Amino acid sequence: MNILVTGGCGFIGSNLVRLLRRERPEWKVVNLDALTYAGNLENLIDLEADRGHVFVRGDICDREFVGKVMREHAIDAVMHLAAESHVDRSILGPEVFVQTNVLGTQRLLEASRQQGVKRFLMVSTDEVYGSLGPTGAFTETSPLQPSSPYSASKTSSDLLALAWHHTFGLDVVVTRCSNNYGRYQFPEKLIPLMVVNALHDKPLPVYGDGANVRDWLHVEDHCRALLLALEKGRAGEVYNIGGGAERKNIEIVKAILALVGKPESLIRYVKDRPGHDRRYAIDPSKIKAELGWTPAHTFEQGLAETVRWYVDNQDWWKRVMSGAYRDYFDTQYRARLQAEG
Ligand code: NAD
Ligand code: TDX
């Protein structure tokens, strides 16, 4: 079986490629990635000599290139993760989100149809559902009410994938997961950003009152769910994936400070993110009942291991945060702190 993984050099993608090589060594994994600021070949350095992993650099929006990769590697199935993934960036510059997440997905769907792939797994997000009040959890039938340019673009790609199933008969499965955490996450997202800042004794910018809630999922639990959905999911179905670990942002920030032995005086409450979703919570009953998935990590243990990984791998994040990204990061970081709440 030849699998095309898009975005395999990003956070979840690199963890997924590694899991696929370990769990399904007989498969060839073709990793198509544009290597944006968020994609790093270094995330897969341990697979350098592995002939079952083939890296091809390119843009999912490039119709001819995508078709050529599918044909040359006789692709049987697609796991689509390539995306612009950061909400704050989508507020600053939405266009590339529409380009990659919407147009890029459409190009891949079309190439998959022409190639006759047996399955297309669309990795979507719980952000398609919008925000929850203090109680309840999103099910697969919750209304889609995305708030940010990021989540609106992901909702579009999610619905395009389902449309390719209903209209053209492409075998599509959609997964919608909650916030992932773990090794190789780019230090712009909450957990790695806070670890990196704390290690530098820099202020930790907490948006608004810090009481927004996210439902945390260990990236390895997520990747196992993706493999199950690929192999056993029913065509045309949506599966929610959630770790059952709802936490307020401020609780996480304090836990990280305790883990690295830094004082809470580093916390800065800053201006809230525009359109900031208040609470996410996922009901994963369907994937548990139908596919037998269950998360293996508890949040406290997973967070401690993740923080330890960032402490032990400072060379990795120093390298991936260098260059152009560094300029963006410094500018944004200064702006956030100037807008203290
Ligand atoms: P990431 O930003 O770490 O990685 C994205 C990858 O896609 C990078 O390697 C990047 O180079 C690649 N890419 C971007 N534009 C591309 C293009 N035009 N052509 C080819 N490659 C391109 O993202 P992530 O956190 O690993 O997320 C992976 C997927 O999972 C995304 O679709 C995201 O929406 C979804 N998701 C993520 C989370 C989370 O908590 N991280 C939660 C729910 C859903
Ligand atoms: O500096 C910060 N301060 C802060 O308070 C950052 C970066 C974030 N936050 C808050 C905003 C959110 O409430 O922390 C929470 C998590 O923020 P992010 O890590 O940016 O993730 P989120 O916006 O929840 O989106 C993530 O989960 C869903 C991923 O980035 C998406 O790709 C995924 O679809």
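With the structure loaded, tell me whether residue 214 is open to solvent by 20 Å² or more (accessible area, probe 1.4 Å) and either over 24 Å from residue 131 (Cβ atoms) or touching a residue at least 60 places away in the same chain (Cβ under 8 Å) (or both) or whether it fails that test.
no
Is it true that some residue in segment 203-211 is more than 29 Å from residue 315 (Cα to Cα) and among the aromatic types (Phe, Trp, Tyr)?
Looking for residues that are more than 29 Å from residue 315 (Cα to Cα) and among the aromatic types (Phe, Trp, Tyr), one finds none in segment 203-211, hence no.
Table: residues versus (1) open to solvent by less than 30 Å² (accessible area, probe 1.4 Å); (2) within 30 Å of residue 160 (Cβ to Cβ); (3) touching a Phe, Trp or Tyr at 6+ places or on another chain (Cβ under 6 Å); (4) in contact (Cβ under 8 Å) with a residue 12 or more places away in the chain.
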residue: 228; (1), (2), (3), (4): no, yes, yes, yes
residue: 239; (1), (2), (3), (4): yes, yes, no, yes
residue: 256; (1), (2), (3), (4): yes, no, no, yes
residue: 269; (1), (2), (3), (4): no, no, no, yes
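Name, by its number, the condition in (1) away from ligand 1 (no atom under 15 Å from the Cβ); (2) farther than 29 Å from residue 215 by Cβ that does not hold for residue 91.
Every condition holds for residue 91 apart from (2).
If you check residue 202 against the conditions, is it within 16 Å of ligand 2 (Cβ to nearest atom), under 16 Å from the mean Cα position of the chain (by Cα) and open to solvent by 40 Å² or more (accessible area, probe 1.4 Å)?
No.
Does residue 85 count as open to solvent by 10 Å² or more (accessible area, probe 1.4 Å), closer than 27 Å to residue 235 by Cα and of a type in the set (Ser, Thr, Tyr)? Show your work before the answer.
Details: open to solvent by 10 Å² or more (accessible area, probe 1.4 Å): yes; closer than 27 Å to residue 235 by Cα: yes; of a type in the set (Ser, Thr, Tyr): yes.
Yes.
For segment 156-177, which positions are over 18 Å from residue 7 (Cα atoms) and either within 11 Å of ligand 1 (Cβ to nearest atom) or free of Cβ contacts under 8 Å to residues at least 24 places away in the same chain (or both)?
Those that are over 18 Å from residue 7 (Cα atoms) and either within 11 Å of ligand 1 (Cβ to nearest atom) or free of Cβ contacts under 8 Å to residues at least 24 places away in the same chain (or both): 159, 163, 167, 169.
Residue by residue, here is whether (1) in contact with a Lys or Arg (Cβ under 8 Å, 6 or more places away or on another chain); (2) within 13 Å of ligand 1 (Cβ to nearest atom) holds:
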{"residue": "204", "(1), (2)": "yes, no"}
{"residue": "211", "(1), (2)": "yes, no"}
{"residue": "242", "(1), (2)": "no, yes"}
{"residue": "257", "(1), (2)": "no, no"}
{"residue": "271", "(1), (2)": "yes, no"}
{"residue": "274", "(1), (2)": "no, no"}
{"residue": "281", "(1), (2)": "no, no"}
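Residue 89 fails exactly one of the following numbered conditions: (1) within 15 Å of ligand 2 (Cβ to nearest atom); (2) of a type outside the set (Val, Ile, Thr); (3) part of a loop (DSSP other than H, G, I, E, B). What is the number of that condition?
Evaluating residue 89 over (1) within 15 Å of ligand 2 (Cβ to nearest atom); (2) of a type outside the set (Val, Ile, Thr); (3) part of a loop (DSSP other than H, G, I, E, B) leaves (3) as the failure.
Quick one: which of 130, 182 is within 14 Å of ligand 2 (Cβ to nearest atom), on the phi > 0 side of the Ramachandran plot and buried (at least 22 other Cβ atoms within 10 Å of the Cβ)?
The conditions single out 182.
Just checking, which of 289, 245 is under 30 Å from residue 161 (Cα atoms) and free of Cβ contacts under 8 Å to residues at least 24 places away in the same chain? Walk me through it before giving the result.
Working: 245 fails: free of Cβ contacts under 8 Å to residues at least 24 places away in the same chain.
Every option except 289 fails the conditions.
Looking at segment 10-42, which of the residues that are β-branched (Val, Ile, Thr) and within 16 Å of ligand 2 (Cβ to nearest atom) is nearest to the chain's Cα centre (by Cα)? Walk me through it before giving the result.
Narrowing segment 10-42 to residues β-branched (Val, Ile, Thr): 12, 17, 29-30, 36.
From the residues that got through so far, the ones that are within 16 Å of ligand 2 (Cβ to nearest atom) too are 12, 36.
Numbers: 12: 5, 36: 14 Å.
Filtering first and then ranking leaves 12.
Suppose the filter is open to solvent by 10 Å² or more (accessible area, probe 1.4 Å), at positive phi and not assigned by TED's automatic domain parsing to the domain that holds residue 313; does residue 35 pass it? Explain how you work it out, then say what you get.
Details: open to solvent by 10 Å² or more (accessible area, probe 1.4 Å): yes; at positive phi: yes; not assigned by TED's automatic domain parsing to the domain that holds residue 313: yes.
Taking the combined requirement at face value, the residue satisfies it.
Of all the residues that make up segment 178-210, how many are of a type in the set (Ser, Thr, Tyr) and under 16 Å from residue 10 (Cα atoms)?
Number satisfying all stated conditions: 2.
The values are calculated or read from the model by the stated rules, or taken from the named source; none is laboratory data. If you're wondering where the values come from, they're calculated on a predicted model, not measured in any experiment. FYI the Cβ positions are ideal-geometry reconstructions off the backbone, even for glycines, and counts take in every protein chain you see. Note: accessible area is taken over every heavy atom of the protein model, side chains too, but ligands, DNA and RNA are not part of it. Shrake-Rupley method; radii C 1.70, N 1.55, O 1.52, S 1.80 Å.
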